[in-house]
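The values are calculated or read from the model by the stated rules, or taken from the named source; none is laboratory data. This structure is a prediction, so every number in the text was calculated from the model and none was measured. Methodologically, a virtual Cβ is constructed for each residue, glycine included, from the backbone with ideal geometry; neighbour enumeration extends over all protein chains shown. The area values use the complete protein model at the heavy-atom level, side chains included, leaving out ligands, DNA and RNA. Shrake-Rupley method; radii C 1.70, N 1.55, O 1.52, S 1.80 Å.
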Amino acid sequence: MKRRSFLATTAAAAVGTQVLGGVPLKAFTPMNMPVHMQPDDDRCLIVVQLFGGNDGLNTIIPVEDPQYYSIRPTIAVPKEKAISVLSRVHMHPALAPKDSYGFPQMFEDGRLAIVQGIGYENPNLSHFRSTDIWLSGFNSSDPEVRLLDGWLGRYWSNHLPGFPEVLPPDPIAVQIGGSLSMLLQSPKGDVGIALTDPQKFFELGQGLSPDMTPMSEETRYGREFNFVRTVAEQCDRYSSVVKNSFDKGKNVATYADGNFVKQMQLVARLISGGLKSKIFLVYMGGFDTHVMQQDEYQNGLHPYLLGQLASGIGSFMQDALAQGFADRVVGMTVSEFGRRPYENGSRGTDHGAASVQFVFGNGVRAGVYGQSPDLTNFDGNGDVRYQWDYRRVYADVLENWFGGTMQETEDVLQDRVLPLGVLQRTTSVDDAYEGRFGVDVRIAPNPATSQASIEWYQPVNSVTTVEVYANDGRHVKTLLTDRLAPGPQRVEVADLTSGAYLCCVMINGVRSVAPLSIVR
Amino acid sequence: MKRRELFNSIAQSSRRQPTPFEIKLQVDGGIEEHTDPLTLDDVLHLYRRLSYSVSMPDAQKHVGKTARQVVTELLGPKDPPAPLRDVNFVKWRDPATGQMVEYTENPEGADLQAAFAIRSWWGTNYRRLRAWHTFEALRDPLTVERLAGFWVGHWTTEFSFDDQYSQPHTLYNQYLTFRKDRLGNFRDMALDVTLDHAMLFYLGGWLNEVGRPNENFARELLELFTTGIGWYTEGDVQQAARVLTGWKVARFNDQPAPKGIYNTWFDARKHDTGAKEFMGVTIPARTPDNNTEFQVRNEEVRELVNIIFRARPDAVSRFIAGKVYMYFVYSSAGEMDRQFVADLAKAFKDSDFDLRELFLRLFISKHFFDPALRGAQIKTPMEYVIGLLKQLRFDDTEVAPIDSAGWTEMMDQALFDPPNVAGWPGYRSWISTNTYPRRREFARKMIDTLTDARAMQLIKEMPDYEDVTKFVQNIVRYMLPLEVNETRLAYYKSTLLEGQPDYTWDEKLKQPASAARSLRALLKTIAVAPDFQLC
């Protein structure tokens, strides 16, 4: 996707807001926009799980909204304490820990995207169900629907030829600590390993292969036997692979103390040592801040956690920049929900809904996506309404970062979801040669009362799909799928209820998007 | 042919091993009672699931009895026998009086050194608590600690969370409540836990006051402890939180403690006296006159619990039956036998939520004894650690230096300190590249410490131990959940005999050092097999 169509995507969110989508930043002025030429298999993703539900309202502070100060009399961050970045975004001061590459600086340098209002329809306020919804990529609040595996597990297990009988030379995913997350599970088995200390893993993992062939899968006993057997084999095989990378790798940045920071340090060292894993999963708990989340000096549990987050990611980015792998790493935070906008009586906040997500790395299109939460229009539980379906960033990762197709995204998410455009698509010389670039999509009339025309200039003869998505990114309808000849093209759209939409023209696998408003 | 070659030659002959004996995917047995006399394998299966394994002599005592007889015996009396040992908490020197006491001053506001000392004291006593628990579990002839341990994972309370600690004394008191309530009425257990001191602290109930509600416990009471998700509205959560206002904890000697330290008390001023509307039932407003601990406990808190059970009996019985099923029978959420769980839930509901009935009906059912479910459960760290110590027949002196709870912690089960309020996720999450190496290390170390005398005892406890083939078969059925195929049996026998012919077993038995060495080699080989992780 090109810059032009990206701006079009976010323009819809920009209408009438002060904090705009796509704040123009240094990094994506055309002059120094990096063109990714690395082979696909060099790229990796860091997933930072913030368990407990991070308080988005006390992360990116809506300092201009008097309502914020009235609903949070004891725990609001005063305007003068918030860190103003480019006079547009105000961050919790804890996001700029002393002597580190903090979030404000990363944002100014074009390495941080802030997604406001990330969430999903019918928010579930259970930590566990909502975590499952986030990790599985399936939004189902029906407790009868079991969520058993993860969107990344499904994607990669489909990509690995012969998995799980044939294991790839490097683990596809590495989780630091704990038992393997649902995120990395698939119907075919786990696509990753969990480890805490590479040295210990090496010492204990050597020779653990059970030397036994798998059992028939036709019994429960056989299935569990095979599961254990595969883990044993992964211990044996990957303990030396990880150790090699750990020994070869290094850290050149300084890392502070703290469990999360050390996890990021380990990830940097493994990447630096050449580990070819596609996913690293790191974890921080404690965000369930019902009680005493911060005092009047902005100290307390929540600031501590934000400080850890910024310090860990900041040091990691410095390391990545200094060692030259910053272009092939992006990271994203996931947290099961935000907090209730109104503070509770214990100087804390109860479970809420939509919140803030961070995406970091050289490959992001830095900026703020979406608007500051509307604190006068809550959902039925008194929670912030979501602006973006959480899977929009997943679609970004799959299509724009891992190079998957729209069809693969649909297979993994069992739904058609439009990427948000937070990540830059890989562009190669071949793309330009074969006409894989965005087009200028025009819609008229806009706003429309019932019918509108979508027009563009078709650059090459190619299969073209025209679709309409809801503004949160979910698929509404497909208008056309056909091979079109070069030249001006036009498709009519009708029968939409009032609301904001995104019209998407996909040519040769490249999407171009324009907003449409229907006012009936 | 060397053992390894023998093994490899057969291992490579087919891509998948055939299943050792006739078991299938289909479970035929339902809730109806299993009335056949129990075989040795049945008894071993029962003990692996309902208890923490069993020694061979104890298992043999039950062969030929009915499931109902054995399960009734193992569940034991409603009131549990007293623990075998005292927890032996370290006492604290009260700086004011110089007396040794069971509580401390408040670390908040204390100087750094004192605060550090208090936290260390909690840490020490936390380790005493869990060491005590593992010992009781190992030596429990019934299932008291096993079932209480199950409830610890259900009504979770973490020792350490955020930057706070639950005091070990309160975790101990809570554990005694689980012991007492383990086979009683689930409704009573729900009421006891709702006002339990450790729970009030852990889920913020002590901060839940009129005008400043804290929904944390109210939500989990429904979502995780009784109905499961989807059976209540957000409004129900908010109303339940109002009902539960006013209950306080007494953690330190500088705090009010009308009922004594570590005991819950009621602060009438902090209770919301307004009317509440919960699950369609009105709990009427009260006046200052009847805003007393006794009345609020009975007319509001007990009523709240009663309403849940009255308004959502099917949800509660299904949720608890499902949880028990996954813990004791088969943990794969995707494959829970819905019909059986529905039947079990109905029996539970029909008994008015009697937990003894729930456990009895489960463990005497044909379903439980169905071959299709044997060996399908992944051992929890407690099952793995305590089970092995029991199987190896270690005596008190031998287990004394073993930090069992430290081992389970390395296997991701820190006792009394689950990862979060949902408890341990269980099932396959127990086995990862993080924990599996620790499991292997534990088994190796334990087997290495098996003395010659203990090894000889173990050998002689196996039926027909003088016949080497039968001995291997019996030690395999003792250590592993299911029979193994001929290839593996031959491999295990050749490991035991170091590749020598069968008749050498006789001679080995006459030389304890040699027999013990062989047994250790065999046990270590068995412990390497994936099914050693199953039960």
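Summed over segment A:371-407, the residues that are small (Gly, Ala, Ser), within 29 Å of A:CYS44 (Cα to Cα) and touching a Ser or Thr at 6+ places or on another chain (Cβ under 8 Å) give a count of 2. Is it fair to say B:TYR503 is under 26 Å from the mean Cα position of the chain (by Cα) and either closer than 24 Å to B:LYS390 by Cβ or away from every other protein chain (no Cβ under 14 Å) (or both)? The answer is no for B:TYR503.
Regarding segment A:443-463, can at least one residue be identified that is under 26 Å from the mean Cα position of the chain (by Cα) and open to solvent by less than 20 Å² (accessible area, probe 1.4 Å)? Checked segment A:443-463: no residue is under 26 Å from the mean Cα position of the chain (by Cα) and open to solvent by less than 20 Å² (accessible area, probe 1.4 Å).
Within segment A:190-227, the set of residues being more than 27 Å from A:HIS159 (Cβ to Cβ), crowded, with 18+ Cβ neighbours inside 10 Å and more than 7 Å from chain B (Cβ to nearest Cβ) comprises just one member, A:PHE202. For segment A:481-498, a residue qualifies if it is in a strand (DSSP E or B) and either of a type in the set (S, T, N, Q) or surrounded by 15 or more Cβ atoms within 10 Å (Cβ to Cβ) (or both), and the qualifying residues are A:THR481, A:LEU484, A:GLN489, A:VAL491, A:VAL493. Of all residue pairs spaced 6 or more apart or on separate chains, those with beta-carbon atoms under 6 Å, a first member in segment B:211-229 that is facing chain A (nearest Cβ under 7 Å) and farther than 13 Å from A:ARG129 by Cβ and a second member that is part of a helix (DSSP H, G or I) and among the hydrophobic types (A, V, I, L, M, F, W, C) are B:PRO213/B:ALA241; B:ASN214/B:LEU207; B:GLU215/B:VAL237; B:GLU215/B:ALA241. Every condition in (1) under 25 Å from A:SER179 (Cβ atoms); (2) β-branched (Val, Ile, Thr); (3) open to solvent by 10 Å² or more (accessible area, probe 1.4 Å) holds for A:VAL252 except the one numbered (1).
Exactly one residue out of B:ALA321, B:ALA347 is surrounded by fewer than 20 Cβ atoms within 10 Å (Cβ to Cβ) and closer than 27 Å to B:GLU73 by Cα, and it is B:ALA347. Among the residues making up segment B:204-234, those that are open to solvent by 10 Å² or more (accessible area, probe 1.4 Å), of a type in the set (A, V, I, L, M, F, W, C) and within 20 Å of B:GLU158 (Cβ to Cβ) are B:TRP206, B:LEU207, B:PHE217, B:LEU224.
Would you call B:LEU304 modelled with pLDDT of 95 or more, more than 14 Å from chain A (Cβ to nearest Cβ) and buried (at least 23 other Cβ atoms within 10 Å of the Cβ)? For B:LEU304, the condition - modelled with pLDDT of 95 or more, more than 14 Å from chain A (Cβ to nearest Cβ) and buried (at least 23 other Cβ atoms within 10 Å of the Cβ) - is met. With respect to being within 14 Å of another protein chain (Cβ to nearest Cβ), closer than 29 Å to B:PHE159 by Cα and open to solvent by 30 Å² or more (accessible area, probe 1.4 Å), B:PRO437 falls outside the description. All conditions but one from (1) under 24 Å from A:ASP411 (Cβ atoms); (2) within 7 Å of chain B (Cβ to nearest Cβ); (3) not basic (Lys, Arg) apply to A:VAL231; the one that does not is (1).
Pairing residues of segment A:379-393 that are more than 14 Å from chain B (Cβ to nearest Cβ) with residues that are part of a helix (DSSP H, G or I), at Cβ distances under 6 Å and at least 6 apart in sequence or on separate chains, gives A:ARG391/A:LEU413. Taken as a whole, the structure leaves A:LEU204 outside the set of residues that are closer than 25 Å to B:GLU441 by Cα, modelled with pLDDT under 90 and not in a helix (DSSP H, G or I). The number of residues in segment B:396-434 that are open to solvent by 30 Å² or more (accessible area, probe 1.4 Å), of a type in the set (Gly, Ala, Ser) and assigned to a helix (DSSP H, G or I) comes to 0.
Screening segment B:315-365 for residues that are in a loop (DSSP other than H, G, I, E, B) and among the aliphatic types (A, V, I, L, M) and picking the one that is modelled with the lowest pLDDT gives B:MET336.
With the structure loaded, tell me whether B:ILE364 is within 12 Å of chain A (Cβ to nearest Cβ), open to solvent by less than 10 Å² (accessible area, probe 1.4 Å), β-branched (Val, Ile, Thr) and under 30 Å from B:GLY29 (Cα atoms) or whether it fails that test. Spelling it out, it is not the case that B:ILE364 is within 12 Å of chain A (Cβ to nearest Cβ), open to solvent by less than 10 Å² (accessible area, probe 1.4 Å), β-branched (Val, Ile, Thr) and under 30 Å from B:GLY29 (Cα atoms). Checking each residue of segment A:255-270 against the condition of being more than 8 Å from every other protein chain (Cβ to nearest Cβ) and hydroxyl-bearing (Ser, Thr, Tyr) gives at least one match.
Pull up segment A:361-412, narrow it to residues that are among the acidic types (Asp, Glu) and assigned to a helix (DSSP H, G or I), then point me to the one that is most open to solvent (accessible area, probe 1.4 Å). Selected residue: A:ASP411.
Determine whether segment A:140-154 contains at least one residue that is in contact (Cβ under 8 Å) with a residue 40 or more places away in the chain, at the interface with another protein chain (Cβ under 10 Å from one of its Cβ atoms) and assigned to a loop (DSSP other than H, G, I, E, B). No, every residue in segment A:140-154 fails to be in contact (Cβ under 8 Å) with a residue 40 or more places away in the chain, at the interface with another protein chain (Cβ under 10 Å from one of its Cβ atoms) and assigned to a loop (DSSP other than H, G, I, E, B).
From the list B:THR264, B:THR245, the lone residue that is more than 14 Å from chain A (Cβ to nearest Cβ), open to solvent by less than 30 Å² (accessible area, probe 1.4 Å), farther than 30 Å from B:PRO381 by Cα and in contact with a His (Cβ under 6 Å, 6 or more places away or on another chain) is B:THR264.
What do you reckon, is A:LEU160 modelled with pLDDT under 90 and at the interface with chain B (Cβ under 7 Å from one of its Cβ atoms)? Against the criterion (modelled with pLDDT under 90 and at the interface with chain B (Cβ under 7 Å from one of its Cβ atoms)), A:LEU160 does not qualify.
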